[in-house]
Amino acid sequence: MYKIVAKKELAPNIYLIEVAAPDVAAKANPGQFVIIRLDDKGERVPLTIAGVDLEKGTVATAFHAVGRTTKKLAKVNAGESIMDFSGPLGNPAEVGKFGKVLLVGGGVWCAPLHYVATTLRKNGNKLVVAAAGRTENDMVYADELKAVSDVFYVATDDGSKGSEGLDFLADVLKSEKFDHAVVMGPVSMLKKVVEMTRPYGLNTMVTLASLMVDGTGMCGACRVTVGGETKFACMDGPEFNGLDVDFDELISRQRVYLPEERMASMIYDKLGGGVKRG
Amino acid sequence: MDKEQRKHATSMAKQDVLDRIHNFYEVALGYTQEQAMAEAERCLQCPNPRCVQGCPVDIDIPAFIKEIKEGNFLAASAKIKEKNSLPAVCGRVCPQENQCQKMCVIGKMGDPISIGRLERFASDYERKMGVNIPDKDVAPVTGKVAIVGSGPAGLTVAADLVKLGHEVAMFESLHLAGGVLMYGIPEFRLPKEIVQAEVEYIKKLGVDVKTNYTIGRIFTIDELFADGFDAIFVGSGAGLPRFMGIPGENLGGVYSANEFLIRVNLMKGYLFPEYDTPIRIGKNVAVIGGGNVAMDSARCSLRLGAEKVYIVYRRSREELPAREEEAENAEEEGIIFRLLNNPTKFVGDESGWVSGMECIKMELGEPDASGRRRPVPVEGSEFMMDIDTAIIAIGQTPNPLIQRTTEGLETTKWGTIVVNEETGAATKEGVYAGGDVVSGAATVISAMGAGKKAAKGIHEYIKKKKGGK
Ligand SMILES: Cc1cc2nc3c(=O)[nH]c(=O)nc-3n(C[C@H](O)[C@H](O)[C@H](O)COP(=O)(O)OP(=O)(O)OC[C@H]3O[C@@H](n4cnc5c(N)ncnc54)[C@H](O)[C@@H]3O)c2cc1C
Ligand SMILES: Cc1cc2nc3c(=O)[nH]c(=O)nc-3n(C[C@H](O)[C@H](O)[C@H](O)COP(=O)(O)OP(=O)(O)OC[C@H]3O[C@@H](n4cnc5c(N)ncnc54)[C@H](O)[C@@H]3O)c2cc1C
Ligand code: SF4
Ligand code: SF4
Ligand code: FES
């Protein structure tokens with residue numbers, strides 16, 4: 001069992017938890033993920049590591065309560081425990097010295113992006129950061145990201161704060177030269193940003209949230225096409241150069257279980273945790 | 001017992017086919033005490049038992065059969081456990097027809113003794129009675145050993161070494177220990193409760209089982225040495241699924257057998273939504289491959305409600321690598337065998353879901369390196385199969401994570417770890433390996449046999465290292 005030692009609601013339905021897992025904390029790097037399982041009937045769900053506290057031996061991760069597991073997790077309080085917390089998994093993000101780096105984060109992903117940004121900054125890079133959310137209220141980690149950036153932008157889908165949407169990035173890219181870019185967010189956003197950076201041939205690293213089961217290279221559920229080859233996101237990624245990624249295939253594969261996810265989520269909403277079988 | 005009686009094996013009851021295709025309960029029901037004793041009666045108690053030569057872990061087969069004949073079931077089980085710490089598993093899934101039973105002399109004139117069924121009976125009896133934890137041998141040297149992977153190879157090494165007085169920690173990347181026994185082989189062939197009883201047993205012996213630890217990510221092999229482990233056994237299996245590399249393979253509804261079986265067995269997808277992990281099965285399912293993994297995938301598909309399930313295999317029935325008993329069970333259950341066919345591409349519908357599979361007919365040519373006749377495509381014989389789910393079961397290779405993160409560990413071009421056959425020692429000092437990660441996908445009992453040798457090798461190594469004798 002792994003104890004949740006702290007929990008915070010960052011925005012409506014977006015939470016940050018710190019979990020006691022000293023061995024995981026000691027080895028975690030930005031860009032890696034953990035797989036959690038809440039109880040003995042639970043699904044294995046991947047979440048990106050958003051920071052560690054080596055003294056407390058904790059690992060932080062932020063999640064958006066969208067489906068059955070994340071909604072259940074939102075109800076677990078600090079002081080309570082979850083059954084499994086496996087990690088670190090996946091390869092670390094590239095965080096070497098590049099020069100000037102563009103970072104773009106969307107929604108809940110701004111939290112793990114902050115972990116990447118902090119390390120990039122420590123390694124001597126100049127950071128231009130754009131944080132995006134659906135509305136002003138949905139923004140997370142904006143202040144923290146601002147604190148580690150040289151230039152900072154905010155964008156919301158509805159324009160309630162900062163720019164409306166990410167189209168402004170086209171101008172930023174036109175006027176400045178970047179050496180590296182990192183994007184973390186929903187796949188549609190990754191695809192959009194890559195379309196904007198492609199004309200400049202800018203290496204744009206994206207973290208791919210494909211469907212996963214084991215997270216250790218055993219099942220191939222997470223397979224994605226990168227540079228024309230099949231790769232396993234959990235073993236070869238999850239960070240890939242977005243210029244090479246077949247996003248349309250990824251989007252289609254992500255939807256595979258949508259009907260079942262909706263059903264599970266609906267049953268959970270209507271009946272709560274203890275689902276009985278038919 | 002007259003000669004004629006001796007020729008015929010005592011049959012074992014099976015769940016009726018019309019029932020079993022709708023549930024995940026065990027198919028084979030096991031012997032009753034009377035049946036077991038009657039079957040044991042058939043054994044000739046050969047002074048030079050050939051059956052033992054066929055068993056990779058040298059179980060004293062006539063001795064345990066004699067105990068059953070005399071009604072000493074616990075003694076029978078103890079006899080088996082001298083050599084095999086997972087008898088309830090092996091009695092169920094060993095390919096006995098190619099091993100112990102193949103060698104049995106009675107097989108020459110009739111049915112060989114049903115050694116596997118008797119082994120299963122004795123260990124099931126013991127489990128129901130409550131398992132005894134043996135006293136530890138007093139060991140002159142104790143070392144600290146890390147085991148990577150909790151499949152049959154790792155479980156065997158752990159049990160043997162902890163009994164010899166070593167301190168043993170076992171690291172498993174999944175959330176449950178047992179390897180393929182937990183995530184691959186379905187409930188209806190090997191109830192998970194039995195596997196967990198075996199895991200509990202080695203925990204009670206004193207093995208520290210750490211699940212959720214992926215070695216190569218959380219600790220490397222070198223970090224484990226730095227942490228004070230004297231020796232490390234790698235039993236990480238062959239878990240990396242092979243794909244065919246044909247168009248359309250990444251469509252929705254195309255699974256690797258591993259993904260499918262992990263969802264069904266480890267995550268209990270067949271109980272969705274009581275359990276959280278979904279599994280989607282269509283009406284027409286094609287399983288590609290002809291081994292145990294393919295049979296298991298096909299039979300699971302049927303139980304999940306598929307209407308037509310095909311086994312698509314590129315050679316003929318004769319070359320089918322699955323256990324005969326399981327191929328027969330599959331046929332009985334109504335699995336349709338499409339032999340001498342090979343898929344060439346998948347096609348999908350507008351939503352990105354698989355809707356058809358193009359195959360080409362094959363014929364058998366000259367024997368290849370494996371001695372089996374090589375299948376060659378018949379030009380122009382392509383045809384379409386109407387399917388909405390495909391499961392690819394054409395084999396697995398070792399997961400490269402440990403090999404990639406450990407310097408000085410020699411591997412073959414197939415990614416298997418190179419070891420000394422006798423001791424299990426790999427090319428890096430203090431590292432031992434065995435099971436599927438060394439042999440490529442094989443059998444439970446061969447993984448255990450390799451585990452036995454490695455445990456001995458590790459014990460000797462530590463003795464030497466610690467300066468004992
Ligand atoms: C490497 C990796 C890292 C990740 N890191 C993070 C992270 O840091 N934070 C995070 O929040 N997520 C992260 N994810 C995504 C997260 O793992 C998935 O969202 C996960 O499926 C959530 O599980 P669930 O059971 O709560 O939702 P699921 O039931 O699996 O639902 C998943 C998807 O289905 C949709 N869905 C579910 N129910 C409904 C419904 N009723 N109506 C419409 N749509 C619905 C949701 O929009 C959601 O996108 C990561 C994924 C990967 C692969
Ligand atoms: C579906 C299926 C059906 C089968 N049916 C039969 C049968 O009927 N009869 C038979 O004899 N054999 C059968 N086999 C084959 C048999 O199961 C294997 O040969 C046997 O399990 C190999 O044992 P092992 O200990 O080498 O590895 P495995 O059982 O594969 O166990 C390896 C374990 O190591 C873990 N691991 C891997 N990498 C790491 C890491 N880096 N860190 C920590 N842990 C790690 C894995 O998660 C896994 O739990 C079947 C196999 C499958 C897949
Ligand atoms: S372990 Fe397998 S091969 Fe050995 S006696 Fe038992 S069933 Fe036969
Ligand atoms: S060879 Fe057959 S008959 Fe002889 S001891 Fe073995 S099982 Fe019994
Ligand atoms: S999640 Fe199973 S192989 Fe990547």
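The values are calculated or read from the model by the stated rules, or taken from the named source; none is laboratory data. Predicted model only: the values in this text are computed from it and were never measured. FYI the Cβ positions are ideal-geometry reconstructions off the backbone, even for glycines, and counts take in every protein chain you see.
The table for this structure:
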quantity	calculated
Selection within the range B:177-210 - surrounded by 19 or more Cβ atoms within 10 Å (Cβ to Cβ) and of a type in the set (A, V, I, L, M)	B:ALA177, B:VAL180, B:LEU181, B:MET182, B:ILE185, B:LEU190, B:ILE194, B:VAL195, B:VAL199, B:ILE202, B:VAL207, B:VAL209
Odd one out for A:ARG253, checked against (1) within 19 Å of the chain's Cα centre (by Cα); (2) in a helix (DSSP H, G or I); (3) without any contact (Cβ under 8 Å) to a residue 60 or more places away in the chain; (4) more than 16 Å from ligand 5 (Cβ to nearest atom)	(4)
Residue identified as more than 16 Å from ligand 5 (Cβ to nearest atom), assigned by TED's automatic domain parsing to the domain that holds B:LEU164 and surrounded by 14 or more Cβ atoms within 10 Å (Cβ to Cβ) among B:LYS361, B:LYS453, B:LYS413	B:LYS453
Leading residue by the ranking (surrounded by the fewest Cβ atoms within 10 Å (Cβ to Cβ)) among those in the range B:153-162 that are within 22 Å of the chain's Cα centre (by Cα) and more than 19 Å from B:ALA426 (Cβ to Cβ)	B:ALA159
Near pairs, Cβ below 9 angstrom, 6+ apart or cross-chain, from the range A:1-15 (modelled with pLDDT of 95 or more) to any residue that is basic (Lys, Arg) and surrounded by 15 or more Cβ atoms within 10 Å (Cβ to Cβ)	A:TYR15/A:LYS7
Residue check for A:LEU258: among the hydrophobic types (A, V, I, L, M, F, W, C) and within 14 Å of another protein chain (Cβ to nearest Cβ)	yes
Residue within the range B:260-277 that is touching a residue at least 60 places away in the same chain (Cβ under 8 Å) and in a loop (DSSP other than H, G, I, E, B) present	no
Counted residues, the range B:34-46 - those being touching a residue at least 60 places away in the same chain (Cβ under 8 Å) and either surrounded by fewer than 18 Cβ atoms within 10 Å (Cβ to Cβ) or not assigned by TED's automatic domain parsing to the domain that holds B:LYS69 (or both)	1
All helices (runs of 4 or more DSSP H) inside the range B:1-120 with 2 or more residues being touching a Leu at 6+ places or on another chain (Cβ under 8 Å)	B:33-41, B:61-69, B:87-93
Test result for B:VAL285, within 14 Å of chain A (Cβ to nearest Cβ), at pLDDT 95 or above and surrounded by 21 or more Cβ atoms within 10 Å (Cβ to Cβ)	no
Enumeration of residues in the range A:94-118 that are farther than 24 Å from A:SER210 by Cβ and surrounded by fewer than 21 Cβ atoms within 10 Å (Cβ to Cβ)	A:GLY96, A:LYS97, A:PHE98, A:GLY99, A:LYS100, A:THR118
Which numbered condition B:PHE219 fails, given (1) surrounded by fewer than 24 Cβ atoms within 10 Å (Cβ to Cβ); (2) away from ligand 5 (no atom under 16 Å from the Cβ); (3) under 21 Å from the mean Cα position of the chain (by Cα)	(3)
Total residues in the range A:133-150, condition surrounded by fewer than 24 Cβ atoms within 10 Å (Cβ to Cβ), part of a helix (DSSP H, G or I) and not basic (Lys, Arg)	8
Residue within the range B:252-262 that is surrounded by fewer than 23 Cβ atoms within 10 Å (Cβ to Cβ) and closer than 26 Å to B:ARG315 by Cα present	yes
Hits in the range A:198-247 (condition: part of a helix (DSSP H, G or I) and either within 9 Å of another protein chain (Cβ to nearest Cβ) or surrounded by 22 or more Cβ atoms within 10 Å (Cβ to Cβ) (or both))	A:ALA233, A:CYS234, A:MET235, A:GLY242
Test: residue in the range B:288-295 that is buried (at least 24 other Cβ atoms within 10 Å of the Cβ) and either over 20 Å from the mean Cα position of the chain (by Cα) or among the acidic types (Asp, Glu) (or both)	no
Qualifying residue in the range A:31-47 (condition: in contact with a Lys or Arg (Cβ under 6 Å, 6 or more places away or on another chain) and more than 14 Å from chain B (Cβ to nearest Cβ))	no
Selected residue [within 19 Å of B:PHE260 (Cβ to Cβ) and either away from ligand 4 (no atom under 16 Å from the Cβ) or out of contact with any Ser or Thr (no Cβ under 7 Å at 6 or more places or on another chain) (or both)] from A:ASP214, A:ASP244	A:ASP214
Qualifying residue in the range B:88-95 (condition: surrounded by fewer than 21 Cβ atoms within 10 Å (Cβ to Cβ), more than 16 Å from B:TYR125 (Cβ to Cβ) and at pLDDT below 95)	no
Condition met for A:ALA21 (crowded, with 16+ Cβ neighbours inside 10 Å and in contact with a helix residue (DSSP H, G or I) (Cβ under 7 Å, 6 or more places away or on another chain))	no
Residue tally, condition surrounded by fewer than 21 Cβ atoms within 10 Å (Cβ to Cβ) and farther than 23 Å from B:PRO278 by Cα, over the range A:68-93	7
Candidate set: the range B:184-216, residues that are among the hydroxyl-bearing types (Ser, Thr, Tyr) and modelled with pLDDT of 95 or more; chosen: the one nearest to ligand 1 (Cβ to nearest atom)	B:THR214
Residue that is farther than 29 Å from B:PRO273 by Cβ, more than 16 Å from ligand 3 (Cβ to nearest atom), more than 9 Å from chain B (Cβ to nearest Cβ) and in contact with a Lys or Arg (Cβ under 6 Å, 6 or more places away or on another chain), where the choices are A:ALA60, A:ALA50, A:ALA20, A:ALA65	A:ALA20
From B:GLY245, B:GLY228, B:GLY252, residue being more than 12 Å from chain A (Cβ to nearest Cβ) and either modelled with pLDDT under 95 or touching a strand residue (DSSP E or B) at 6+ places or on another chain (Cβ under 8 Å) (or both)	B:GLY228
Residues of the range B:163-174 satisfying the condition of being surrounded by 21 or more Cβ atoms within 10 Å (Cβ to Cβ) and in contact with a strand residue (DSSP E or B) (Cβ under 8 Å, 6 or more places away or on another chain)	B:HIS166, B:VAL168, B:MET170, B:PHE171, B:GLU172, B:SER173, B:LEU174
Given (1) within 14 Å of ligand 2 (Cβ to nearest atom); (2) touching an Asp or Glu at 6+ places or on another chain (Cβ under 6 Å); (3) of a type in the set (A, V, I, L, M), index of the condition B:ILE21 fails	(1)
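Residue by residue, here is whether (1) modelled with pLDDT of 95 or more; (2) assigned to a strand (DSSP E or B); (3) over 20 Å from B:GLY184 (Cα atoms) holds:
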{"position": "B:GLY415", "(1), (2), (3)": "no, no, yes"}
{"position": "B:LYS428", "(1), (2), (3)": "no, no, yes"}
{"position": "B:ALA442", "(1), (2), (3)": "no, no, no"}
{"position": "B:ALA455", "(1), (2), (3)": "yes, no, yes"}
